[in-house]
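What follows is a short report on a single structure.
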Amino acid sequence: MKKLLYILILLSALTACADGRRKYRIGISQCSDDIWREKQNSELLVGAYCHPDDVELCFAAAYDSDERQVQQIDSLLAIGIDLLIVAPNQVATITPAIDRAYDGGIPVIVFERKTNSQKYTAYIGADNYEMGRVMGEYVASRLDGKGRVVEVMGLKGSSPAIERHKGFAEALSRHPGIQLVATLQGDWTEESAYQAVSTYGGDLQDVDYVFGQNDRMAIGARRAMADRHQLAARTLFCGIDGLPGPDGGIQLVRDSILDATYIYPTHGDQLIQLATDILNGRPYNKETALMSALVTRDNASVLMMQADEMIRQSAYLDRLHQTASQYLQKLDTQRVITWMAFGVIVLLILTIVLFYLYHIGKVTLHRARVVNSLWNLKTEDVPVAEPEAAESDEEEERKKPSTVPSVFITRFREVVEARLSESELGVEDLANDMHLSRVQLYRKVKAVTDSTPIELLRAARLNRAYQLLLTTDLSVSEIAYKVGFTSPSYFTKCFKDEYGKVPGDCR
């Protein structure tokens, strides 16, 4: 089963990358940062891991500050979220920011707490009024309908605090023997309850039951009464949240620190499902009530074991996600390296091809330049002559700069053209006519023209052939023999290599 889950996570992640689906960016605005919301955030992440849609979560915590939460909501809108999930810190003050998001076309899911407006796409949360009512009935039953009770409320102006108080007070009102001695004001934190109880001016020594609107405030009240030496052995405490794990509400009930708690479900995975249903246009309920349950010493141990197993599975799933993420990062890195290597290979091939084309073009242009400079220039266009080196002075000749002496060019052209029709004409013959050694002629021609004597001889023959094709009626074969080629077919091949067309095309 574990291997199957691992494979499913990998496949879903790989499929999302492969099919190019859009990634949904979901902003999550938490009113505070506490153990309950940490659990919910973990569930949101797990829900995003396992969801087939590609989901990116952007978290923000306001730490019970209205101003900070308004700024964070506006910041989430500025970065371009596709949907907003928000737990309003207070009903009235956060509503305008939520309305701005809704009016801007952003779907809004309000969870756990409500707003003063109907401008939201969906609401999901437990029934806080029912929680307060159930806890009131439970307290009355534990006291057999008679006793003195203190309530510590959550953040003033928040919808859970208002609704839980209404339900609790209504339940107690049905039992005339129960007296609600005081309703103290906290802000959901343990320290706020401690301060509220510590500064209370009344006598708490004869209080039978303390209801904290969450488990942390119940513990804070218990600690304050102990410090005031007003904690009677009979005094009981209860709260709401019923979180699993060390120091969670379920463990506190099991260990008899609290008499009871009420599970307030977090259900982050259900929030993700609702969000993606909205984004994908699937059917959804605008109002979703989460189921919850009362925790007493009778069921605390069993619930604790179940919660521990869920925590263990959640941690294991988180490790699987980290492994999958590392695998995908390696895959992305390999993909980048592969594309870079492919790009280098393509660039190398292009470089080689361009270099080859450039070299071929350079050779072709050079041959054309040589023919033009040696066979098409007029004698008067040739530069002023420079003195020739003696045949015996080879060392001095090598040290001279590479110039283009007009006398040498003119003489070499005359020699070549005078014997152009001789098919057996070679470098030795040209050297003898130039009164140079074979080595000197080769070096001189190479230095001046960057070509060999044989290359120039063939270029001269082809140039003469081209002129004869344009100015005479001689056949191709006759012209081939006339310019020194021994075979008309070889002449045609050389002509096409030089001019890109066969001799017949010139006419």
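The values are calculated or read from the model by the stated rules, or taken from the named source; none is laboratory data. A quick note: this is a predicted structure, and the numbers were derived from the prediction, not measured. Every residue, glycine as well, gets a Cβ built from its backbone with ideal geometry; the counts of neighbours run over all protein chains shown. Areas reflect the complete protein model, heavy atoms only, side chains present, ligands, DNA and RNA absent. Shrake-Rupley method; radii C 1.70, N 1.55, O 1.52, S 1.80 Å.
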*Given R₀ = 22 Å, FRET efficiency for LYS493-ILE454 by Cβ-Cβ distance, to 0.05?*
0.85
*Name the residue farthest towards the positive end of the dipole of the chain from the options LEU354, ASN89, GLY249, assuming +1 on Cβ of Lys and Arg, -1 on Cβ of Asp and Glu, about the Cα centre.*
LEU354
_How large is the Rg to Rh ratio of the chain when both quantities use alpha carbon positions and Rh follows Kirkwood?_
1.54
*Using alpha carbon centroids, what distance separates the stretch 32-79 and the stretch 234-281, in Å?*
18
*Quick one: angle between helix 215-227 and the longest Cα principal axis of the chain, in degrees between 0 and 90, rounded to 10, please.*
50
*asked:* Compute, for the chain, the length of the dipole vector about the Cα centre, with Cβ point charges of +1 (Lys, Arg) and -1 (Asp, Glu) only. Units Debye, rounded to 20.
replied: 860
*Would you rank GLU112, GLU43, GLU287 by solvent-accessible area, highest first, keeping every protein chain in place and using a 1.4 Å probe?*
GLU287, GLU43, GLU112
*Work out the FRET efficiency for ALA226 and ILE35 from their Cβ-Cβ distance, taking R0 = 25 Å, and round it to the nearest 0.05.*
0.70
*What percentage of the solvent-accessible surface of the chain, computed with a 1.4 Å probe over protein heavy atoms, is contributed by carbon and sulfur atoms?*
56
*Any chance you could run the full-extension gain for GLU170 through SER117? It's 0.36 nm times the residue separation minus the Cα-Cα distance, nm to one decimal.*
16.5 nm
*the stretch 233-293, relative contact order [Cα under 8 Å, separation at least 6], %*: 29
*Modelled label-to-label distance, LYS501 and GLN467, 7 Å Cα→beta-carbon offset: nm?*
2.0
*Linear extension gain, ASN299 paired with ASN280, 0.36 nm per residue minus alpha-carbon span*: 2.8 nm
*How many nm is it between the label spots at GLN273 and SER256, if each spot is 7 Å from the Cα in line with the beta carbon?*
4.0
*asked:* Run the paramagnetic zone check for LYS482: 7 angstrom along Cα to Cβ, then residues of the stretch 421-437 with backbone nitrogen under 20 Å.
replied: 421-425
_the stretch 127-286, relative contact order [Cα under 8 Å, separation at least 6], %_ = 19
*Which value, in Å², gives the accessible area per residue of the chain when a 1.4 Å probe is used on the protein heavy atoms?*
51
*With all protein chains present and a 1.4 Å probe, how do LEU347, LEU231 order by accessible area, largest first?*
LEU347, LEU231
*Hey, with R₀ at 60 Å, roughly what FRET efficiency would LEU347 and LEU290 work out to, going by the Cβ-Cβ distance, to 0.05?*
0.50
_With a cut-off of 8 Å between alpha carbons and a minimum separation of six or more residues, what is the relative contact order of the chain in percent?_
9
*How far is helix 488-499 tilted off the main Cα axis of the chain, in degrees rounded to 10, range 0 to 90?*
50
_DSSP beta bridge pairing in the chain, given as percent antiparallel to the nearest 5_ = 5
*Helix 300-371 versus the longest principal axis of the chain: what angle, 0 to 90°, nearest 10, using Cα atoms?*
10
